[in-house]
Amino acid sequence: MSNLDSVKVIPLGGLDEVGKNMTAIEYKDEIIVIDAGTAFPSAEMHGVQLIVPDVDYLKENKEKVKSLYITHGHEDHIGGIAYFLSEFDVDVYATKLTMVLIKNKLKGKKDTIKNLKIVNKDSVIEGENFKISFFETNHSIPDSVGLVINTPYGNIVHTSDFKVDYTPVDGRVLDFSRIEDIKRQGVLLLLSDSTNALKEGFSPSEEKVGQELHKIIKPLKGRVIATTFASSLYRIQSLIRIAEAEKRKVVLIGRSMKNNVKAAHKLGYLEVKDGTFVSDRTMEEYAPNELLIITTGSQGESTSALRRMLENKNPYITLNSTDTVLFSSHSIPGNEKSVNYLVNELSKLDVDVYVGGDIHTSGHGYQEELKLLLSLFKPKHFMPVHGEHRMLKKHAQLATKIGVEKVNCFIFENGNVLEITKNKVSKGKSVKAGAVLVDQSGLGDVKFNIMKDRERLANHGAAFIQIQKTPHRYKTRVILKGVIAVHDSKQLYREVNSVVEEIMKKNENNRHSSKRDLYKEIGEVLEKHLKRKPLIIPVFD
């Protein structure tokens, strides 16, 4: 059977990493895409704002791309949707709350908003070759769903992010009866969340976190400032209920926090009593022990609402020693330094700080929850997704304990292709995959050479070499920026001038060769004197 007759499962993001989730499923002339997420840049990625999946393979097959399915409203699943829809004019399917969060990202883009289609757990979407249905899952945000993709060769199930919480804040537990129905139909391939595959046991319930938060907040006499992800709506619900129980008003700080809470409240996903919310502009009307502030900034972001409070840039809030700050979140890998900085700076203000521990739980299941889902679905083949390689590997090991044959477990990287035919499931020929870096301008792709230049500028500074041709010789001026070094400037300038004179005379009629030689030889002179490798920028007068 030829490749044209195979169903291809193509992860384009979310494997061997945490974030920027995207998976394509292809058969003949149809490709459906699941999620369009982002990842956050590390501190070394100077000027990069977001990282989105490389979709060159999809661009090469643009006429085949028919639809996009979004599993829930977290940034690592919807953050890249604007970039995706700038390339592909397709229908987008998502649940009600997720769709509102998507619309917030697409404000001002009327052409894309017309393609948004709301689905629920009972919806069935008929494609050319696929039939897509849904099942409710537990996560840290309401309206999360998994997908069932009916293909010519059997059902593919994608759990997306999930946990098994028997006492969720909103009472909506994992849809076990629907999962049983799916199992009876048969699961050819399961794709399942691996984020917490390294953690033993069960993840703590959101209810327990609420209880721990309440224990801390109840005796406090000053303001309480709780920071968490703006999309952690179950945590926000717990904080609201605690505030109401302790006769505190709730103040929301941060644009994304206000937008998400407003959307969830309007749609009925947050229960809030009349009069609970008050504006930051009216805070001064209440005593400190009557206020609970919920804010963004749990990752120590330089522009976040909590950071602005710390730097005394919020016109309504000045932090003081009677305040208590609760970090009800975990640090995303790479953000630890910025979070630690924030905690230390708060400590300098004598602010009491609580970080993580029992006041946070993950929205991703631990090992026992992963094994439970594997046991319930009983897949014939298994591909762990959403996680670094060690997480994927551990998840595959758990699957073999539950009864999936080791030969039927596929630990892939982004761009690897799983081919499904009538007779077998096997690894196919890989496609191009990777990351597109988006900088502050909102434009991708920040190319590798630009990132190398930024890295070099940050670590070594820059050297501007002004070169002026006179009737008898070349005059050179060296301007160093961002360079701290003890050096003999006169000797340095003499050597640079000598190098320039020799190279320019040798390549009088070839400016390209001149520049190439200047970079190399001036670089050697600068490194000898400065013990640095500054970015060299020749300027010809």
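Yes/no matrix, rows are residues, columns are (1) under 16 Å from ILE225 (Cβ atoms); (2) at pLDDT 90 or above; (3) touching a Leu at 6+ places or on another chain (Cβ under 6 Å):
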{"site": "GLU271", "(1), (2), (3)": "no, yes, no"}
{"site": "ASP274", "(1), (2), (3)": "no, yes, no"}
{"site": "VAL278", "(1), (2), (3)": "yes, yes, no"}
{"site": "ALA287", "(1), (2), (3)": "yes, yes, no"}
{"site": "ILE293", "(1), (2), (3)": "yes, yes, no"}
{"site": "SER298", "(1), (2), (3)": "yes, no, no"}
{"site": "GLU301", "(1), (2), (3)": "yes, no, no"}
{"site": "SER304", "(1), (2), (3)": "yes, no, no"}
{"site": "ASN312", "(1), (2), (3)": "yes, no, no"}
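The lone criterion from (1) free of Cβ contacts under 8 Å to residues at least 60 places away in the same chain; (2) of a type in the set (A, V, I, L, M); (3) farther than 20 Å from SER231 by Cα left unmet by VAL339 is number (3).
Residue pairs whose Cβ atoms lie under 8 Å apart, separated by 6 or more positions or on different chains, with the first residue in segment 67-87 and free of Cβ contacts under 8 Å to residues at least 12 places away in the same chain and the second of a type in the set (Lys, Arg), do not occur.
Among residues of segment 92-106 that are under 20 Å from SER133 (Cα atoms) and in contact (Cβ under 8 Å) with a residue 12 or more places away in the chain, those with a Cβ under 9 angstrom from a residue that is small (Gly, Ala, Ser) and assigned to a helix (DSSP H, G or I), sequence gap 6+ or separate chain, pair up as LEU97/ALA263; LEU97/ALA264. The residue that is surrounded by the fewest Cβ atoms within 10 Å (Cβ to Cβ), counting only those in segment 155-177 that are at pLDDT below 95 and farther than 20 Å from HIS74 by Cα, is GLY171. Here GLU206 meets the list (1) out of contact with any helix residue (DSSP H, G or I) (no Cβ under 6 Å at 6 or more places or on another chain); (2) of a type outside the set (S, T, N, Q); (3) under 21 Å from GLN367 (Cα atoms); (4) at pLDDT below 95 almost entirely, failing just condition (1). If you go through segment 270-307 and keep only what is more than 27 Å from ARG172 (Cβ to Cβ), out of contact with any Lys or Arg (no Cβ under 7 Å at 6 or more places or on another chain) and surrounded by fewer than 20 Cβ atoms within 10 Å (Cβ to Cβ), you end up with SER279, ASP280, ARG281, THR282, MET283, GLU284, GLU285, ALA287, SER302, THR303.
The condition of being in a loop (DSSP other than H, G, I, E, B) and either of a type in the set (D, E, K, R) or within 23 Å of the chain's Cα centre (by Cα) (or both) holds for only one of ASP165, ASP181, that being ASP165. Being closer than 21 Å to SER232 by Cα and in contact (Cβ under 8 Å) with a residue 60 or more places away in the chain is the filter here; which residues of segment 200-212 pass it? Selection gives PHE202, SER203, PRO204, SER205, GLU206, LYS208, VAL209, GLU212. Within segment 337-367, being out of contact with any Lys or Arg (no Cβ under 9 Å at 6 or more places or on another chain) and among the small types (Gly, Ala, Ser) holds for SER347, GLY356, GLY357. The listed residues are VAL224, VAL251, and the only one of them that is over 30 Å from ILE25 (Cα atoms), crowded, with 23+ Cβ neighbours inside 10 Å and in contact (Cβ under 8 Å) with a residue 60 or more places away in the chain turns out to be VAL224.
Of all residues in segment 311-328, those that are crowded, with 22+ Cβ neighbours inside 10 Å and under 24 Å from ASN259 (Cα atoms) total 5. Would you check if there is a residue in segment 91-104 being under 30 Å from HIS360 (Cβ atoms), out of contact with any Gly (no Cβ under 8 Å at 6 or more places or on another chain), part of a loop (DSSP other than H, G, I, E, B) and outside the structural domain of ILE236 (by TED's automatic domain parsing)? Within segment 91-104, one or more residues are under 30 Å from HIS360 (Cβ atoms), out of contact with any Gly (no Cβ under 8 Å at 6 or more places or on another chain), part of a loop (DSSP other than H, G, I, E, B) and outside the structural domain of ILE236 (by TED's automatic domain parsing).
The values are calculated or read from the model by the stated rules, or taken from the named source; none is laboratory data. Owing to the predicted nature of the structure, the values given are computational and were not obtained by experimental measurement. Every residue, glycine as well, gets a Cβ built from its backbone with ideal geometry; the counts of neighbours run over all protein chains shown.
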